[in-house]
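Notes follow once the structure below has been shown.
The values are calculated or read from the model by the stated rules, or taken from the named source; none is laboratory data. Keep in mind that what you see is a predicted model, and the values were worked out from it rather than measured. FYI the Cβ positions are ideal-geometry reconstructions off the backbone, even for glycines, and counts take in every protein chain you see.
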Amino acid sequence: MQKPAILSLMSEEKAKVQDGARLYEAAYLVSPRVPEEQAASVILSIKNLLASKNAIISGESAPSFRRLAYQIAPFDSAFFGWFRFETDSETASAVKNLFSETKDIVRFLLIKADISEPVRAFTRRPSKRVEHGIEHVQFETRIPVNTEEKPKGEVSEEELNKKIEELVRA
């Protein structure tokens, strides 16, 4: 089984959270009005802020064009990207503010992550629920990057022919 393409700067097992730092994940949608070759540069100011505060980016996925599960007025598609980083809560708050101020970011989600969770690939369709008038978007996970395939038992040719015969009769 092919694993999803993810750019990882360091494995999660080796990631060490510094004193006073926490692990965060940010997922974002860049406006489809931005040319594809410039989609990654939209969050450059956010990455520069993280670099200036000595934050560690432990995994990321470059923005890729996706059709949205539901329309975010007026868009039905956008560039989806994410990154995982370690920093203090003050810098995370500054990152949140910078996401809010960036005009080409349609939506973003910034959460505290668990260091024991491996970096995962996000599905193409986020699930949405509304609670007390607040819209919550959760990106479900697909295949963990660190997953190893389980070995499959061998099947004799006789068992295989028997199973094929059963399927043909059905």
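Just the residues that are crowded, with 22+ Cβ neighbours inside 10 Å and in contact (Cβ under 8 Å) with a residue 60 or more places away in the chain, please, taken from region 60-91. Across region 60-91, the qualifying residues are Arg84, Phe85, Glu86, Thr87. Filtered by the rule that a residue be assigned to a helix (DSSP H, G or I) and surrounded by fewer than 18 Cβ atoms within 10 Å (Cβ to Cβ), region 50-59 gives Ala51, Ser52.
Just to be sure before I move on: is Ala27 modelled with pLDDT of 90 or more and farther than 17 Å from Val106 by Cβ in the structure I sent? Spelling it out, it is not the case that Ala27 is modelled with pLDDT of 90 or more and farther than 17 Å from Val106 by Cβ. Considering Glu159, Glu90, the condition of being closer than 18 Å to Ser45 by Cβ, modelled with pLDDT of 85 or more and in a helix (DSSP H, G or I) is satisfied by Glu90 alone. Of all residues in region 37-59, those satisfying the criterion of being touching a residue at least 24 places away in the same chain (Cβ under 8 Å) and of a type in the set (A, V, I, L, M) are Ala39, Ala40, Val42, Ile43, Ile46, Leu49, Leu50, Ala55, Ile56, Ile57.
Restricting attention to region 35-49, does a residue exist that is surrounded by 12 or more Cβ atoms within 10 Å (Cβ to Cβ) and in a loop (DSSP other than H, G, I, E, B)? Yes, the conditions are met somewhere in region 35-49.
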